[in-house]
Structures are given as structure tokens and as C-alpha cells.
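*Asks:* I'd like to ask you about the structure that follows.
None of the figures in this text is laboratory data; all of them are computed from the coordinates on show. Note that the structure is predicted; figures quoted are calculated from it, not measured. Ideal geometry is used to build each Cβ from the backbone, glycine not excepted, and the neighbour counts take in all protein chains shown.
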Amino acid sequence: MSDQRQNHDPYSSGQGYDPYKLVDDVIEVLVQHGLSPDRSHGSTSERITGASMLLRNLGVAPLRAPEDAVDLDGGLHYDSRMHGD
Amino acid sequence: MKHIHEGKVRDLYEDNGDLLLVASDRVSVYDVSLPTPIPDKGALLTQLSVWWFDNLSEVVPNHLISATDVPIEFGRRAIRCKQLKMVPVECIARGYLAGLGLREYQATGTVSGVSLPPGLVEGSRLPEPIFTPTTKFSDTGHDEFITFDDVANGVGQETAVLLRDLTTAIYKRGAERTAEAGIIVADTKFEFGWDADGVLTLGDEVLTSDSSRFWPADEWQPGGPQHAFDKQFVRDWSVSTGWDKTPPGPAIPDGIVQATRERYTEVYERITGLTWTS
């Protein structure tokens, strides 16, 4: 199974960017153009999926830094998201 | 050694190109870190992850470099890890129906786009473990389950298949082991990333009570809420104090601290079969 995982890395070109940051960047650009983007429209998942698709179609991998991806808060977000705690 | 990030419960350092994941004894409930530590909690959860990394190594490569080559002041609370390029998807496996998954099932008959048979109730075991990914966080404050197709659109079909297959494979292997210890893994989450060789690799922690919902098997009774094995104890106590779930959290009395520590220790010992020594 390990061998199958080899060379599946679509990001070996070395270009990667955080899709969450891309959404922030786009919002900033839109504001600079006098618009008022509002995160209450649509959903986080649609924005992140869309940003990831855009990155991939520009040859850039959607990736996150460990400090942004790893849960350092003791499962709070997990508990909240999974169990409504 | 550079301190990269401090979380409510764990800290992240960079050291000679590696990452150091350092767990504290802090405990947090309802999004609030309580002022009283639980002795050994950080070491117990770290060492449980280390045990899992070793015992799951045939299923998935992991980011662990060393559990001993860490600064002495961190003791058994730290691991040295590879730096991974993290996949922007939180990979969740569910073996049982609970929490927000139950609500989605009751509304749609599905969870994250996976159709489930009719007649399931709260706490029901699912016919097969399912992959129910989510975004890392929601900036709308609403629940954000996503489907396999969403993941495929975001990270590509091949990667999505790998994430799904690895997630369910790890869950199955882990749940088999905990079942022998009388513990049900209701659900659990994994973080994956690409290592320097382009191998999809398991990161973060694995099958701990901070990344999973454990239920005692001998108390499992489908048809109502189940009680989590360890953290539920602090959670129930905090609610009983009349605390409004906003900061600052209440100090935990000695009896609750000791009882909670015993729960964490029991989970470690039952799963690993090892005896914990402070």
C-alpha cells in the first residue's frame, strides 16, 4: 500500500498555497475594488473547495502549514463540530 | 528551537527542520481551557499516540521521528515529527451514529453524502465505517460536513480516494483493537500530509480521546446519548457547577482531577495493555 502512495503527490512541483488564505486574499482584493464580500453567503466548505480547485487548475497545490492544520486545542473544534458541545 | 504556535492544549515547535508536538496537562471543555491541569494527561495522550503510530505502521506511514529525542523538559509529553505539507481536509471516520451526524441522518438519511439504512437511532453501530470529511473550521459558525465529491473536487480524485481508504482502514484497525479492550471508537479524526518523498503520511495525533469519541462498550445502549469515556467526566462536573461555559472556567477540585486522571490512565492501559508509571 505504501508503494501505491508513492508518486501520488500532485504537489511535487513545490508550489503550494493555503486555500483558506486564498479566500482571505480574494476578499481583500474585492474590498480594494470597492466591493463588500460577505462570508455569510454560501458556506466555508464551498469557498474552500472552490479555492482548492482554482489553485489546482493553476498548477498550485492546496496545502496547509502544520500549525494551521494540526489541532492544538484539545479537540474543541472536533467536539463542537461532531457533537455540538 | 523555535516556538511556532501555542494552542489551548498543545504547543508546536520547530527544531532543526523537525516539528516538536508538545502536549500539556491542560484540559479544555466547551471551548474554554480550565485553570487546573490534569497530571500526566499530556504524557498519557502523547504516549497513546506513539503506541498507535507503532501499531498502525503496517496500515499507514506516520510523521513520528522519535518519542525520545526531545528536550528533557518536555519528558514524555513531546514527539519529534516530520514536517508535512498538510492536506486541507479533516478526515473523519464514523463507526456509530451520534452528535451532528445523527441530526443529519434524521433530516436526510445520509451523513456527508453517504446513504445509511433506515431505522438507525442515536448510538447505533453503522453497517460499515464511513468517511465523513469536514473543513478544518467554519467561518460561518455553522456545521460544515462535506462529501467525498467535495474532497475530490478540492484535492483531486486520486488523493481523495487515498484519504478515504486510509481513514476507514485506520479506523477499522483501531476499532478492532479497542474493542478487545472494551472501548468503542464512535468516531475519530485524522490529519494527513505529504512528506518530503511524496508519501501521504498520517500526522498530528491518532486515536486519542482528544481526537476521538470513546465510549465504554459495557455501557453502550443504542437509543440515547452515550457517555464519553474520559473527558465527559470533567464536562459533566463543569455543567453541574452552574458554570455558563464562558471564560474563565472553574477550578477543578482535587477529587475530580484524580478521577479524570484515572480515566485517562485507564484508557491508555486498556488500549495498550501496558501499565502506566508516572
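*Asks:* Going by average Cβ density within 10 Å per residue, which order do the peptides B:255-267, B:79-91, B:116-128 take, highest to lowest?
*Replies:* Highest-to-lowest ranking by the protection proxy: B:79-91, B:255-267, B:116-128.
*Asks:* What shape does the range B:101-218 have by the C-alpha gyration tensor, where a ≥ b ≥ c are the square roots of the eigenvalues, rounded means a/c under 1.5, and otherwise prolate means a/b greater than b/c and oblate the rest?
*Replies:* oblate
*Asks:* To continue, here is another question. Within straight cross-link reach of B:Lys136, meaning Cα distance under 17 Å, which lysines are found once same-chain residues fewer than 8 apart are removed?
*Replies:* A:Lys21, B:Lys8, B:Lys85, B:Lys189
*Asks:* List the pairs from B:Lys172/B:Lys245; B:Lys2/B:Lys231; B:Lys2/B:Lys41; B:Lys2/B:Lys245 whose alpha-carbon separation is above 29 Å, in the order I gave them.
*Replies:* In this structure, B:Lys172/B:Lys245; B:Lys2/B:Lys231; B:Lys2/B:Lys245 exceed 29 Å between Cα atoms.
*Asks:* Oh, and also: Restricting to bridges with both residues inside the protein assembly as shown, how much of the DSSP beta-bridge set is antiparallel, in percent to the nearest 5? Could you put the intermediate results ahead of the total?
*Replies:* Numbers: 41 of 44 bridges.
Rounded to the nearest five, the antiparallel share is 95 percent.
*Asks:* Let me ask another. Over every pair of different alpha-carbon atoms in the protein assembly as shown, take the mean of 1/r and invert it; report that Kirkwood radius in Å. Walk me through the numbers before you get to the answer.
*Replies:* Values: mean 1/r = 0.0475 Å⁻¹.
Kirkwood hydrodynamic radius for the protein assembly as shown: 21.1 Å.
*Asks:* Note down the relative contact order for the range B:1-100 as a percent, whole number, built from C-alpha pairs under 8 angstrom at least six residues apart.
*Replies:* Relative contact order for the range B:1-100 comes out at 23 percent.
*Asks:* Under the rule of -39500 (n - 2.57) per DSSP H run of 4 or more residues, summed and divided by the residues of chain B, what mean residue ellipticity at 222 nm is obtained, to the nearest 500 deg cm²/dmol? Spell out each step's value before the answer.
*Replies:* Working: 6 runs with 86 residues, N = 278.
Result for chain B: -10000 deg cm²/dmol, rounded to the nearest 500.
*Asks:* So for B:Ser66, B:Ser238, fewest C-beta neighbours within 10 Å to most, what's the order?
*Replies:* Neighbour counts put them in this order, fewest first: B:Ser66, B:Ser238.
*Asks:* Still on this model: Across the residues of B:23-35, average count of Cβ atoms on other protein chains within 10 Å?
*Replies:* 2
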